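Read through the structure below, which is laid out as structure tokens, and then see the notes.
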């Protein structure tokens, strides 16, 4: 056999054993043909073989993001990023700058709002957005996507009743802030309008970004019960044409929609609760900085159990969004009820997020039932100030990664992009450098979350997640050895190249160019 491509002499990482050796990798077509000593693999070189000298570099299985929203991630790359804003005036300036380039009557969207980091300590009000863009529709998302603020033109266009749960009211007047039920209703009514004309450019931008950071597969969670079903049908075709691999999760409780698309899975961010930043993550005890609320559950127990049982009996893998402990409990009970009624050994049911003070008992039950924890360690990089405020002395219980591992839970890593960037090395970095020392994990464990475990979490472990013959040649080339890198600089390891199916889809520019 003559190889099409040989990656010559890198450190090749075996993620199962957490070890690396100097070896070469022969690729034939879209598969790994052989892995062995450089002299051994050299025998597979022929006149048409391309050689890539990777001496001193490191090859890991292609990174996999277990949980992202690729359409929104791409659109966010084209929209206003308000994260650098220190004041509401800064946000106004960003909106005014964008409004000056857009015709009146068009939509201006921004994302990344963290009101607790603004000098004013609050979200902008609709009148403040009106002052700089009165003739545009304006919507600024909180960084978790579970709350937003709109200007008057957008609020009036939506026709939101003032008594809708989640409409922020001050002195009897709406502020423009939306969360909980109001936010969810607006999402369904505006999604097509907001994304029209942006989706195609956004997907291309997101795919390019994914490859730049070493991702070869992205699990993308799209759609909703109230959304346009035909849009998801079109999206499935668009995703298949991207240079990065994707796994589509349809966020619907309507099983017949998933059946029509021929997908083996259902769910993703089917919201069982919201998120703690917006006070909608469902806790057992009240929020420390808002003792009047424990958050929001979006399902009655019976309704969630009925959906889970229907989907489980239909043979579908299920994923449900549950950020905090009360929602985690509701999902666990629904999964346990379904598994008791219809036992299945290899179901790979998933809980998405699950970082909001999960208990040892909840982890124990997840491990016993084979339920996967699909979580996003990079939240630790962006949200610690919010966790301190929302949870008070309980903050040490967020993202208890080591506890989950000790209880035997299978953990898959993702970004929840657009909420945090597509950036697997940052996720690994945050898991290894958890602010609570006893919750830190080793780089070997964290690397598994974004490779073999993420493949397992989508029933793709027979083709992805390891470097061995007959697996897909989805590979990430790193400039330094991740297993020996200083823990404090893991996020800074350069991605030299990204290969998908043996094709080099990204190469980093040479230093100084």
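Of the numbered criteria (1) in a helix (DSSP H, G or I); (2) at pLDDT 95 or above; (3) over 16 Å from the mean Cα position of the chain (by Cα); (4) crowded, with 20+ Cβ neighbours inside 10 Å, the one residue 207 fails is (3).
Any residue that is surrounded by 15 or more Cβ atoms within 10 Å (Cβ to Cβ), touching a strand residue (DSSP E or B) at 6+ places or on another chain (Cβ under 8 Å) and on the phi > 0 side of the Ramachandran plot - is there at least one of those in region 496-503? Yes, the conditions are met somewhere in region 496-503.
Just to be sure before I move on: is residue 512 in a loop (DSSP other than H, G, I, E, B) and at pLDDT below 95 in the structure I sent? So residue 512 passes the test. For region 82-94, filtered to residues that are touching a residue at least 40 places away in the same chain (Cβ under 8 Å) and touching a strand residue (DSSP E or B) at 6+ places or on another chain (Cβ under 6 Å), the residue that is surrounded by the fewest Cβ atoms within 10 Å (Cβ to Cβ) is 83.
Of all residue pairs spaced 6 or more apart or on separate chains, those with beta-carbon atoms under 6 Å, a first member in region 193-211 that is farther than 18 Å from residue 231 by Cβ and a second member that is part of a helix (DSSP H, G or I) and modelled with pLDDT of 85 or more are 205/74; 205/77.
Per the conditions (1) outside the structural domain of residue 375 (by TED's automatic domain parsing); (2) in contact with a helix residue (DSSP H, G or I) (Cβ under 6 Å, 6 or more places away or on another chain), the sole criterion not satisfied by residue 40 is (2).
Scan region 333-350 for residues that are more than 11 Å from residue 312 (Cα to Cα), under 26 Å from the mean Cα position of the chain (by Cα) and either surrounded by 22 or more Cβ atoms within 10 Å (Cβ to Cβ) or at pLDDT below 95 (or both) and the total you get is 1.
Each residue in region 432-454 was checked for being under 30 Å from residue 78 (Cβ atoms) and part of a helix (DSSP H, G or I), and 2 of them qualify. Is it true that some residue in region 465-484 is in contact with a helix residue (DSSP H, G or I) (Cβ under 6 Å, 6 or more places away or on another chain), in a loop (DSSP other than H, G, I, E, B) and within 19 Å of residue 218 (Cα to Cα)? Looking through region 465-484, at least one residue is in contact with a helix residue (DSSP H, G or I) (Cβ under 6 Å, 6 or more places away or on another chain), in a loop (DSSP other than H, G, I, E, B) and within 19 Å of residue 218 (Cα to Cα).
One line per residue, one yes/no per condition, for (1) surrounded by fewer than 19 Cβ atoms within 10 Å (Cβ to Cβ); (2) under 19 Å from residue 381 (Cα atoms); (3) free of Cβ contacts under 8 Å to residues at least 12 places away in the same chain; (4) within 17 Å of the chain's Cα centre (by Cα):
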| residue | (1), (2), (3), (4) |
| --- | --- |
| 419 | no, yes, no, yes |
| 436 | yes, yes, no, no |
| 450 | no, yes, no, yes |
| 474 | no, no, no, no |
| 478 | no, no, no, no |
| 490 | no, yes, no, no |
| 508 | yes, no, no, no |
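Looking across region 266-300, the residues that are at positive phi and not in a loop (DSSP other than H, G, I, E, B) come down to 267, 268.
Do we have residue 420 as more than 14 Å from residue 61 (Cα to Cα) and in contact with a helix residue (DSSP H, G or I) (Cβ under 9 Å, 6 or more places away or on another chain) here? Against the criterion (more than 14 Å from residue 61 (Cα to Cα) and in contact with a helix residue (DSSP H, G or I) (Cβ under 9 Å, 6 or more places away or on another chain)), residue 420 qualifies. Inspection of region 370-386 finds no residue satisfying the criterion of being more than 22 Å from the chain's Cα centre (by Cα), at pLDDT 95 or above and either assigned by TED's automatic domain parsing to the domain that holds residue 439 or over 16 Å from residue 266 (Cβ atoms) (or both).
Test residue 469 against the stated conditions and say whether it is at pLDDT 95 or above, surrounded by fewer than 20 Cβ atoms within 10 Å (Cβ to Cβ) and closer than 22 Å to residue 378 by Cβ. So residue 469 fails the test.
When every residue of region 65-81 is checked against the conditions, at least one turns out to be surrounded by fewer than 17 Cβ atoms within 10 Å (Cβ to Cβ) and in a strand (DSSP E or B). Selection of region 98-119 for residues being surrounded by 12 or more Cβ atoms within 10 Å (Cβ to Cβ) and either free of Cβ contacts under 8 Å to residues at least 40 places away in the same chain or assigned to a helix (DSSP H, G or I) (or both) yields 98, 99, 102, 106, 108, 110, 112, 113, 115, 116, 117, 118.
For region 120-139, the tally of residues that are in a loop (DSSP other than H, G, I, E, B) and under 30 Å from residue 384 (Cα atoms) stands at 6.
Residue 354 fulfils the conditions (1) in contact (Cβ under 8 Å) with a residue 40 or more places away in the chain; (2) buried (at least 24 other Cβ atoms within 10 Å of the Cβ) except for a single criterion, (1).
Of everything listed in (1) in contact (Cβ under 8 Å) with a residue 60 or more places away in the chain; (2) under 25 Å from the mean Cα position of the chain (by Cα); (3) within 18 Å of residue 4 (Cβ to Cβ), the single unmet condition for residue 468 is (2). For residue 3, the stated conditions hold: it is in a loop (DSSP other than H, G, I, E, B) and either touching a strand residue (DSSP E or B) at 6+ places or on another chain (Cβ under 6 Å) or within 14 Å of residue 473 (Cβ to Cβ) (or both). Against the test of being free of Cβ contacts under 8 Å to residues at least 12 places away in the same chain and either over 21 Å from residue 446 (Cα atoms) or assigned to a strand (DSSP E or B) (or both), the options 338, 327, 303 yield a single qualifying residue, 303.
Which residue, of 124, 134, is in the same structural domain as residue 78 (by TED's automatic domain parsing), at pLDDT 95 or above and touching a strand residue (DSSP E or B) at 6+ places or on another chain (Cβ under 6 Å)? Only one candidate qualifies: 124.
Taking first residues from region 394-413 that are in a loop (DSSP other than H, G, I, E, B) and partners that are surrounded by fewer than 18 Cβ atoms within 10 Å (Cβ to Cβ), the Cβ contacts under 6 Å between residues at least 6 apart in sequence or on separate chains come to 407/364; 407/367; 408/367; 409/367.
The values are calculated or read from the model by the stated rules, or taken from the named source; none is laboratory data. Because the structure is predicted, anything quoted here is derived from the model rather than measured. All Cβ positions, glycine included, derive from the backbone under ideal geometry; neighbour counts span all protein chains shown.
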